[in-house]
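Here's the structure, in structure tokens; my notes come after.
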Amino acid sequence: MNTFKAFVLENSKPVQTNIQEWTVDQLPEGEVLIQVAYSSVNYKDGLVGHTGNLAEFTPLVPGIDLAGTVVESSDPRYSKGDEVIATSYRIGTGHHGGFSEMARIPADWVVEKPEGLTLREAMILGTAGFTAALSVMQLEKNGLAPEQGPVLVVGASGGVGSLAVNMLSNRGYQVTAGTGKDHEHEYLKKLGATEIIHRDELVDKENKSIRKSKWAGAVDPVGGKTTQYILSSLSYGASVATSGLAGGLEVETDVRPFIGRGINWLGIDSVQCPMPLRKQVWQRLASDLKPTSLEDELVAEIGLQQLDQTFSDILEGKVKGRVLVKL
Ligand code: NDP
């Protein structure tokens, strides 16, 4: 491939994007040259592509996720023809990313695609699926088990939320989904939610640090006053895995739920997740944590031309499930 198509954030203030023909010489340093088969759109891509925030330089090819086939590698861990995944680190923010038919990535950021996932499935999961799986793993590591009671997933119709609902339901948990989308109740039930609550009821409006114990655990990609509500309503010894800020940054609480109920507030980070754990998460995503609903309603497939619209949709909380980008 002499030239290839790349979606480029040409300018960040004001944001200006276009699709360009690039050559391999324009790609950054890195040991592994990859022909990208699929990427996906995450909330962070919306921030980079629609607000220009988080872009460390321009012109930049955004796209924090990619999966494809190795074309050449100067690192002995990878050879031509290997199917690989690359997500996180500075991909799509400080290193040209996945919204491009070709990418060159440092070998230390590359993960061999596990058996049990196709390249397409790997990107239906992408960073959102990785984050959902890491959340479930950390909750269970801290003692969560199905017999303990309902687990709350907020932002349930989004990427992290949808996949967490399905993973937890498949593992035998009773899942309560918190969503702002009244028209997505059927979708959430299909993924495995047994109860659905409007997101407005899952917000701590009165800054009460303690309320009735309700949840055996929670997956929280929303943040802000929703996190406040969760912290105040976790059962004794329960944990919440907080990964996101779709609903806000600031959280006001006090020590009472921690010292009175022994709750755990777990931070979930996909970006700097150490490689040994990262590989474990992908192995679990390809095996016991692999969602059963990877196609149908969970996925919308787009091309580079539809990225601009998708960025604004994801920032407005309008996206359902996952948006897969076919290169
Ligand atoms: P999505 O946009 O797909 O999902 C977010 C969901 O949150 C929305 O679909 C919506 O669900 C809900 N939501 C949106 N706005 C609000 C609001 N104002 N108040 C309450 N709920 C809201 O994004 P992703 O799933 O890709 O990412 C979710 C969050 O997790 C983002 O903040 C992202 O940056 C973060 N993240 C963090 C990672 C990490 O490493 N820590 C990795 C991946 C993601 P509904 O309508 O159903 O309520």
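Compute for the chain: radius of gyration divided by Kirkwood radius, i.e. Rg/Rh, restricted to C-alpha atoms, rounded to two decimals. The partial results should precede the final answer.
On the way: Rg = 19.6 Å, Rh = 20.0 Å.
Reported Rg/Rh (Cα atoms, Kirkwood Rh): 0.98.
In whole percent, and with a 1.4 Å probe on the protein chains, what portion of the accessible area of the chain is carbon and sulfur?
Values: 6550 of 13550 Å².
Within the chain, the accessible surface is 48 percent carbon and sulfur.
Note down the magnitude of the dipole of region 267-327 about its Cα centre, charges +1 on Lys and Arg C-beta and -1 on Asp and Glu C-beta and zero elsewhere, to the nearest 20 debye. Walk me through the numbers on the way to the answer.
Working: 8 positive and 9 negative charges, 68 e Å.
For this selection, approximately 320 debye.
Given a Förster distance of 51 angstrom, what is the FRET efficiency for T51 paired with R256, based on the Cβ-Cβ distance and rounded to 0.05? Intermediate results must be reported in sequence, preceding the final value.
Numbers: r = 37 Å, r/R0 = 0.72.
After rounding to 0.05, the efficiency reads 0.90.
I'm a student and want to see the number: the projected area of the Cα convex hull of region 24-149, averaged over all directions, in nm².
Numbers: hull surface 37.3 nm².
Average of the hull's projected areas for region 24-149 equals 9.3 nm².
Springs between alpha-carbon pairs under 10 angstrom, Gaussian network model over the chain: which of G68, G30, G161 fluctuates most?
Between G68, G30, G161, it is G30 that shows the largest mean-square fluctuation.
Using only the alpha carbons, work out the radius of gyration and Dmax of region 277-327 in angstrom.
13.6, 35
Heavy-atom accessible area per residue, region 200-271, 1.4 Å probe: how many Å²? List each step's numbers first, then the result.
Details: 3410 Å² over 72 residues.
Spelled out: the 1.4 Å probe surface of region 200-271, per residue, equals 47 Å².
Dividing the alpha-carbon radius of gyration of region 1-79 by 2.2 N^0.38 Å (N being the number of residues), what value is obtained?
Working: Rg = 13.6 Å, N = 79, 2.2 N^0.38 = 11.6 Å.
With N residues counted in region 1-79, Rg over 2.2 N^0.38 Å equals 1.17.
What size of dipole, in debye to the nearest 20, comes out for region 1-59 about its Cα centre when the only charges are +1 on Lys and Arg C-beta atoms and -1 on Asp and Glu C-beta atoms? Walk me through the numbers before you get to the answer.
Values: 3 positive and 7 negative charges, 55 e Å.
Computed about the Cα centre, the dipole is about 260 debye.
Volume per residue, Å³, of the convex hull around the alpha-carbon atoms of region 220-327?
Numbers: hull volume 17.2 nm³, N = 108.
Convex hull volume per residue, Cα atoms: 160 Å³.
Anything over 26 Å Cα to Cα? Flag those among K80/K279; K44/K212; K190/K318; K225/K279, in the order listed.
Numbers: K80/K279 21 Å; K44/K212 34 Å; K190/K318 19 Å; K225/K279 33 Å.
From K80/K279; K44/K212; K190/K318; K225/K279, over 26 Å: K44/K212; K225/K279.
To the nearest 0.05, how large is the calculated FRET efficiency for I19 and Q272 if R₀ is 30 Å and r is the Cβ-Cβ distance? Intermediate results must be reported in sequence, preceding the final value.
On the way: r = 31 Å, r/R0 = 1.02.
Here the calculated transfer efficiency is 0.45.
About the Cα centre, and with charges only on the beta carbon of Lys, Arg (+1) and Asp, Glu (-1), how big is the dipole of region 1-101? Nearest 20 debye, please. Don't jump to the answer; show the numbers that get you there.
Numbers: 6 positive and 13 negative charges, 62 e Å.
Here the size comes out at about 300 debye.
If I build a Gaussian network model for the chain, linking alpha-carbon pairs within less than 10 angstrom, which residue out of L54, L249, L285 has the largest mean-square fluctuation?
L249
Please work out the average accessible area per residue across region 37-195, using the 1.4 Å probe convention, and give it in Å². Please report the intermediate quantities before stating the final value.
Details: 5230 Å² over 159 residues.
Ligands and nucleic acids excluded, the result is 33 Å² per residue.
The values are calculated or read from the model by the stated rules, or taken from the named source; none is laboratory data. These numbers come from a predicted model, not from an experiment. Backbone-built Cβ (ideal geometry, glycine too); neighbour counts: all protein chains shown. For the accessible areas, the whole protein counts, side chains as well, though only heavy atoms, and no ligand, DNA or RNA atoms are used. Shrake-Rupley method; radii C 1.70, N 1.55, O 1.52, S 1.80 Å.
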